[in-house]
Structure formats: C-alpha cells, structure tokens
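As structure tokens, the structure follows; a few thoughts come after it.
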Amino acid sequence: MFTRRTILMTGGAAALIGGASAVGIAHGPGLAKARAPWRQAGESFGDPRLDALAYAILAPNPHNRQPWRFDLVGEDRIDVHIDLDRRLPHTDPFDRQITIGFGCMLELLRIAAAEKGYLADLTPFPDGKDYPRHTGSRIAQVTLTKTNDAERDALFANILARRSTKEPYDTSQPVAAETLNKVIAAGQGDLEIGGTVETALRDRIIDLAWQGFTIEYETDLTRRESIDLMRIGNRAVVENPDGIDLGGVQMGLFKMTGIVSPEGLDTPGTTAFEQGVKMYDPIIHSAQGFAWIKAAENTRLTQLQAGRDWVRMNLAAQKVGLCIHPLSQILQEFPEMAAPYASIRQELGVDADGVVHMLGRVGYTKFPPASPRWPLESKLISTGA
Ligand SMILES: Cc1cc2nc3c(=O)[nH]c(=O)nc-3n(C[C@H](O)[C@H](O)[C@H](O)COP(=O)(O)O)c2cc1C
C-alpha cells in the first residue's frame, strides 16, 4: 500500500513548490472538513446509538474504505450492514481484512456505549456467515440497553488520539519488551496475541514484509487497487474522505501540473513508480518490533474478534506513546503472495487450519494528524422509530 505524501517529491516538482501564487490554487479546501468526524465525536446527537456510532466510525479499517452502513431500528437497535462496493477484491479476495475492520468498529461502538452507561448486546452475523465472500447479509445486530452494570473501559480515553502511524520510525529508539507487552495485554478473548522486539526475529519479519510489499506493488491488479483509491491533494481528500489520503499543498500542485497522475504511478520505470518503492523502504526497515494476532481457524467470528483485539492494541499503544502500523501485504491471500504468506505462517508457528490475522510494526515517531472520515450521517440507512 502507498501512503505518504512524500512519495513523489522529485527535484523538478520540488522546485515548483517555490511558486507561492500557485499554491493557493492547488491547495483548494483545507483538510478540516475531512477530519470533522473526529471533532464531532463527543457531541450529543440526541440518540445514544448515534453518540456511540460517532466514535465507532473512527475505527482503523483497511485502506480506510469505511465499508459500514447503519440502520437504526426501533428505539434501541442498530443493524450493521456492509457496503459491498467498498471491499478490496484483489488484495482481500475473501473479505477477511474488511471483516477485521468491522471488528475494530464494533469494539469502539461497545466502548463508547459503555462510557455513557449502555450495554451493547452484539449478535454477529444474525443472518448467517457468508463464505467465501460477503453477499450483503448483516454483519451484526447490536442492541443498546441502559444499565448500571456497563463497565467503563479505560481505553475510551485514547479513541480520539489513536492513529495508524505509517511513517518511518526512529531507529535510535528501541521499543522495550515491557512496553510491547502492555499492547499485547490489551487484547481480550481467545485469539493468540504475540509480539517481538528481539532483533533476529524482527529482521526476518522485516525481510518477509518487504517481499510482501514488493509483490503487492509489482502485481498489476493489486497495485492498481491501491492507486485507484489514492486521493491526491486536499480537494480530492475532501471530496472522498476515505482511501489512501495524499493531501496537502504539494500534492495538489503535483496533480494540477500533471506531475502526479494515476497513470504515472501505475507505469513501471517512471519516477513516480520508482519513488513509491523507495518511499516504503525506510518505513518497513525501521520497524523496531512487531505485534501480531493469530487464530486457530480462519472464520468470520475470528476475523471480527481479531479486529476487536487490534483496535484495543492500537488504543493501548497510543496510551503508552508507542506507534503501531499494520503491514498486511504478506497476510494477503492472492496467488502471487503464496510464498511469503507461507513463510510468515511458518515463522509465527501457524498450523494448516490457522491464520495470522494481523501483523503490525511498532516504534517511535511523531503521531500523524487524524485520517479522513465520511460523516456519520452519510453512513445511516435510516434513523429508527
Ligand atoms: C485489517 C486491517 C489491515 C490494514 N492493513 C494496512 C496495511 O497493510 N498498510 C497500511 O498502511 N495500513 C493498514 N491498515 C491501517 C489502515 O490503513 C488505517 O486504519 C486507515 O487508513 C485509517 O487510518 P487510522 O487508523 O489512522 O484512522 C490496516 C487496517 C486494518 C484494520
């Protein structure tokens, strides 16, 4: 996956940035609108379901596709639906990662409801579980009940600061095992959560992660899936606050002047294409350690649980000031990935029925700004009774 706006900074392009008058034109709107949902969480919407959902939509999710839709039924029920057009058919052919994203969202929903004294009673896949891909059945049915027993979760305090930090990490600042352990301990349920800061294992995983990245990048269909989701420049991010956001003044200029185009990014041999590879090298190779989630079986239920665990680990990392970033390429089930996919399973000790659901690197750097989100109202199918 491509992430950072530094990706395409070529010499010629850099020189262009000097032209201050052009900056205003290319800049377009600021990114405040795309980040508005982060400010709206905490407002009172007059319905506890909306109050909780305002936090839930801030969940991490693959390529920030935000594939959820909510139907508020009666007085207290939320039916969670999937927008089938927001999946990633090439990098996520069996909707495994998309389902993990739903798990992240549902856990934030539960935590936010509990904060207001509501118990979220969750029925996963009430219409049955779809394999190998989702077909539109509900992902979950959630009922909120006011209670005195809803135990508040200390991780609530970290929801608004939580980030997937996709920048290179500081290679002079190792991660202590006890810090990583605090992240691992945040998981709940019966999946196997682990991690390492041990140099030899870390470096072997880095090698595999790098192989995974280059395979995803060099496979036309998977590279194109990412490129199609790039939002280049602030205007594009505000118009579509999802996908891979490459906002900022520079990107607006690059796009306006034709320096950055989806075609250039998709053409091996161009500067843009080569810069994409160069940009990811320090990101992967600066990993100071890894955390992972394994499951004994690759079922829809373990996928949801992995999401719930991942967002808890992400919140716990934020709490201790640690950056964390999923590197999912080697976990992907498209045919070209078969060799490193087998190697990471072997490295992490997964048997024939098992699966590695999440793998993320850890380290330290400055936390980035919040990622874009579609407003809550755009995700509502109906608002109930
Ligand atoms: C199942 C899953 C897989 C992900 N895989 C990747 C990945 O391979 N590379 C990456 O940069 N981010 C990955 N992410 C992080 C998302 O890109 C990120 O959550 C999204 O862009 C929103 O940003 P935020 O988490 O900072 O709010 C993944 C997230 C989830 C839940």
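List of remarks:
- Residue within the stretch 46-54 that is of a type in the set (Gly, Ala, Ser), crowded, with 20+ Cβ neighbours inside 10 Å and either modelled with pLDDT under 50 or not in a helix (DSSP H, G or I) (or both) present: no
- All positions within the stretch 35-62 that are more than 12 Å from the ligand (Cβ to nearest atom) and among the aliphatic types (A, V, I, L, M): Ala36, Ala41, Leu50, Ala52, Leu53, Ala54, Ala56
- Restricting attention to the stretch 306-329 and to residues that are part of a helix (DSSP H, G or I) and away from the ligand (no atom under 13 Å from the Cβ), the residue that is surrounded by the most Cβ atoms within 10 Å (Cβ to Cβ) turns out to be Ala316.
- Residue check for Ile344: touching a strand residue (DSSP E or B) at 6+ places or on another chain (Cβ under 8 Å) and either within 20 Å of Ala54 (Cβ to Cβ) or not in a helix (DSSP H, G or I) (or both): no
- Gly363 being over 29 Å from Arg133 (Cβ atoms) and small (Gly, Ala, Ser): yes
- Search result, residues across the stretch 352-385 that are more than 16 Å from the ligand (Cβ to nearest atom) and in contact (Cβ under 8 Å) with a residue 24 or more places away in the chain: Asp353, Gly354, Tyr364, Leu380, Ile381, Ser382, Thr383, Gly384, Ala385
- Test for Gly103: is it within 12 Å of the ligand (Cβ to nearest atom) and of a type outside the set (A, V, I, L, M): yes
- Set Ala113, Ala157: member being in a helix (DSSP H, G or I), touching a Pro at 6+ places or on another chain (Cβ under 8 Å) and touching a residue at least 60 places away in the same chain (Cβ under 8 Å): Ala113
- The C-beta contact set for the stretch 69-85 (first residue part of a strand (DSSP E or B), second residue of a type in the set (Gly, Ala, Ser), distance under 6 angstrom, 6+ apart or interchain) comprises Asp71/Ser382; Leu72/Gly384; Val80/Ala140.
- Of the criteria (1) buried (at least 16 other Cβ atoms within 10 Å of the Cβ); (2) under 25 Å from Ser286 (Cβ atoms), which one Ala176 fails: (1)
- Complete set of residues in the stretch 160-199 that are part of a loop (DSSP other than H, G, I, E, B), within 16 Å of the ligand (Cβ to nearest atom) and either among the hydrophobic types (A, V, I, L, M, F, W, C) or under 17 Å from Met358 (Cβ atoms) (or both): Leu160, Ala161, Arg162, Arg163, Ser164, Thr165, Lys166, Ala186, Gly187, Leu191
- In the stretch 214-224, the residues that are within 21 Å of Ile344 (Cβ to Cβ), part of a helix (DSSP H, G or I) and not aliphatic (A, V, I, L, M): Thr214, Glu216, Tyr217, Glu218, Thr222, Arg223
- Verdict on Ile78 being closer than 19 Å to Ala306 by Cβ and either surrounded by 18 or more Cβ atoms within 10 Å (Cβ to Cβ) or over 13 Å from the mean Cα position of the chain (by Cα) (or both): no
- Hey, Gln211 assigned to a helix (DSSP H, G or I) and at pLDDT below 90 or not: no
- Screening Ser343 against (1) of a type outside the set (A, V, I, L, M, F, W, C); (2) surrounded by fewer than 22 Cβ atoms within 10 Å (Cβ to Cβ); (3) within 10 Å of the ligand (Cβ to nearest atom) leaves a single unmet condition, (3).
- Options Ala154, Ala140, Ala150: the member that is more than 21 Å from Lys366 (Cα to Cα), aliphatic (A, V, I, L, M) and surrounded by fewer than 17 Cβ atoms within 10 Å (Cβ to Cβ): Ala154
- Residue within the stretch 330-340 that is touching a residue at least 12 places away in the same chain (Cβ under 8 Å), among the aromatic types (Phe, Trp, Tyr), within 11 Å of the ligand (Cβ to nearest atom) and not in a helix (DSSP H, G or I) present: no
- Applying a threshold of 6 Å to beta carbon distances and a minimum spacing of six or more residues, or different chains, the list of pairs starting in the stretch 280-293 at a residue that is within 19 Å of Gly195 (Cβ to Cβ) and ending at one that is polar (S, T, N, Q) reads Ser286/Thr171; Gly289/Thr196; Phe290/Thr196.
The values are calculated or read from the model by the stated rules, or taken from the named source; none is laboratory data. The model shown is predicted, which means the values in this text are computed figures rather than measured ones. Cβ atoms come from the backbone with ideal geometry, glycine included; neighbour counts cover every protein chain shown.
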